[in-house]
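**Student:** Sharing a structure with you now.
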Amino acid sequence: MIKTPEQFLDVLIIANDENETFFKSASAIFLNAELKALFVRKQKEDKTGQFRYSVHESDFNLTGSLKNDKLAKLIQTKFDLIIDLSNDSELLNYFLHNIDSDLIIGKLVSINENSHDLFLEFGLNEESFLKNINIQLNKLNHGKQ
């Protein structure tokens, strides 16, 4: 059964870059959720705070195994919802394929289509995509907007 935005408790947002504006907008829609964000970082050192996760090539050893403890804990977390905003990142795809989630929402015609449960029109920007997610989750749950 698909939940309304208020019913989600654990939400992960996967994006290529850190986007605090989108994160704050998402917290206004997913009122009861503990929101976490995962993005690619450019520098080797991880300086992210609580509920923020960043990945860099250096977080994996030579055999491709994850060696970052914070990211390893993230993979062990089960989410109610993952929102995938990423664009063709092998690092982010690793997490998208390895994190357990009840529902994964992604952009229509995304390169990760095979990983998504629900594809939605992206619109003009990430904010319009978020509004579309809100509308569609409500429609699918109760037929309301």
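The values are calculated or read from the model by the stated rules, or taken from the named source; none is laboratory data. These figures come from a predicted structure and were not determined experimentally. Neighbour counts are summed over all protein chains in view; Cβ atoms, including those assigned to glycine, are modelled from backbone coordinates with ideal geometry. All accessible areas refer to the heavy atoms of the entire protein, side chains included, with ligands and DNA or RNA removed. Shrake-Rupley method; radii C 1.70, N 1.55, O 1.52, S 1.80 Å.
**Student:** Note down the relative contact order for the chain as a percent, whole number, built from C-alpha pairs under 8 angstrom at least six residues apart. Before the final figure, lay out the partial values.
**Tutor:** Details: 252 pairs, mean separation 35.0, N = 145.
Relative contact order, the chain: 24 percent.
**Student:** Using unit Cβ charges (K, R positive; D, E negative) and no other charged atoms, how large, in debye to the nearest 20, is the dipole of the chain about its Cα centre?
**Tutor:** On the way: 16 positive and 22 negative charges, 56 e Å.
For the chain, the charge dipole is close to 260 debye.
**Student:** Solvent-accessible area per residue for the chain at a 1.4 Å probe radius, Å²? Present the calculation step by step, with values, prior to reporting the outcome.
**Tutor:** Values: 7970 Å² over 145 residues.
Result: 55 Å² of accessible area for each residue.
**Student:** Another question, if that's okay. Take the alpha-carbon centre of segment 104-145, take the same for segment 20-81, and report the distance between them in whole Å.
**Tutor:** 21 Å
**Student:** I would also like to ask the following. Could you work out how far apart the two model spin labels at GLN76 and GLU113 are, taking each label as a point 7 Å from the Cα in the direction of the beta carbon, and quote it in nm?
**Tutor:** 3.6 nm
**Student:** For ASN138 and LYS42, what does the FRET efficiency come to when R0 = 25 Å and r is the distance between their Cβ atoms, rounded to the nearest 0.05?
**Tutor:** Values: r = 37 Å, r/R0 = 1.48.
My answer for the efficiency is 0.10.
**Student:** Can you sort HIS116, HIS97, HIS56 by solvent-accessible area, 1.4 Å probe, largest first? Don't jump to the answer; show the numbers that get you there.
**Tutor:** Numbers: HIS116 15, HIS97 105, HIS56 35 Å².
So the residues, ranked largest to smallest area, are HIS97, HIS56, HIS116.
**Student:** Can I ask one more? Please give me the summed charge of the neighbours of ASN87: other residues whose Cβ is under 12 Å from its Cβ, Lys and Arg +1, Asp and Glu -1. Walk me through the numbers on the way to the answer.
**Tutor:** On the way: positive: LYS107; negative: ASP17, ASP84, ASP88, GLU90, GLU126.
My count for the surroundings of ASN87 gives -4.
**Student:** Still on this structure, please answer the following. Helix hunt in the chain: which complete DSSP H runs extend at least 15 Å axially by C-alpha with mean Kyte-Doolittle at least 0.5? Write out the running numbers ahead of the final one.
**Tutor:** Details: long enough: 126-142 (24 Å, -0.77).
Membrane-span-like by this rule: not one helix.
**Student:** Accessible area of VAL109, 1.4 Å probe, to the nearest 10 Å²?
**Tutor:** Rounded to the nearest 10, the figure is 120 Å².
**Student:** Right, next: Among (1) 97; (2) 121; (3) 108, only one was calculated for this model; which label is it, if the read-out is volume of the Cα convex hull per residue in Å³?
**Tutor:** Matching the structure shown: (3).
**Student:** Which one of SER110, PHE95, ILE135 is farthest out on the positive end of the charge dipole of segment 88-145, using unit charges on Cβ (Lys, Arg +1; Asp, Glu -1) and the Cα centre as origin?
**Tutor:** ILE135
**Student:** Restricting to lysine pairs 8 or more places apart or on different chains, what number in segment 27-106 have Cα atoms under 14 Å apart?
**Tutor:** Details: LYS36/LYS70; LYS36/LYS73; LYS36/LYS78; LYS44/LYS67; LYS47/LYS70.
Step by step, the pairs that qualify in segment 27-106 add up to 5.
**Student:** What's the carbon and sulfur percent of the chain's accessible surface, probe 1.4 angstrom, rounded to a whole number?
**Tutor:** Details: 3890 of 7970 Å².
Summing carbon and sulfur atoms, their accessible area is 49 percent of the total for the chain.
**Student:** Which one of ALA72, ALA26, VAL11 has its Cα pushed farthest toward the positive end of the charge dipole of segment 1-129, where Lys and Arg give +1 and Asp and Glu give -1 at the Cβ?
**Tutor:** Of the listed residues, the answer is ALA72.
**Student:** While we're here: Order the peptides 118-127, 44-53 from the highest to the lowest mean number of other Cβ atoms within 10 Å of their residues. Each step should come with its number before you reach the end.
**Tutor:** On the way: 118-127: 13.8, 44-53: 11.7.
With the highest mean Cβ count within 10 Å placed first, the list reads 118-127, 44-53.
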